Amino acid sequence: MCVVRQYSVRNAAEEREVLMNFTEHTKIRKEKFGTVVFDTLTEKIFITDETGGEILGLIEEGRDLPEILSVLCESYDGDEQVIRKDIVEFIDELKSNNIASV
């Protein structure tokens with residue numbers, strides 16, 4: 001679903017608590033090919049596909065995980081559990097790279 005993946009699964013109770021913000025050193029820019037995330041502190045660049053960009057946009061709007069899941073399930077055909085797992089993995093990757101924090 002998204003470019004970078006980390007494999008950890010959370011239970012539904014933990015997922016409801018996830019409300020994130022981008023760290024102050026994170027810059028996000030939408031491009032034709034996807035979304036570019038730049039960490040000004042480490043000077044690392046991350047590139048996501050369209051779906052990753054959509055998740056980043058929803059986080060920027062202040063949406064929590066259940067809301068993000070609802071939006072993506074409406075937009076894409078697929079099993080809800082698979083979509084949920086992909087979202088959680090993407091969010092975990094954002095957090096592990098200090099792009100987003102809870």
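Given (1) surrounded by 15 or more Cβ atoms within 10 Å (Cβ to Cβ); (2) among the charged types (D, E, K, R); (3) without any contact (Cβ under 8 Å) to a residue 24 or more places away in the chain, where does Lys85 come up short, assuming only one miss?
(3)
For Val36, all conditions in the list (1) among the hydrophobic types (A, V, I, L, M, F, W, C); (2) crowded, with 19+ Cβ neighbours inside 10 Å; (3) modelled with pLDDT of 95 or more hold save one; what is the number of the exception?
(2)
The values are calculated or read from the model by the stated rules, or taken from the named source; none is laboratory data. Remember, it's a predicted structure, so these values are computed and weren't measured experimentally. Note: ideal-geometry Cβ built from the backbone for every residue, glycine included; neighbour counts use all protein chains shown.
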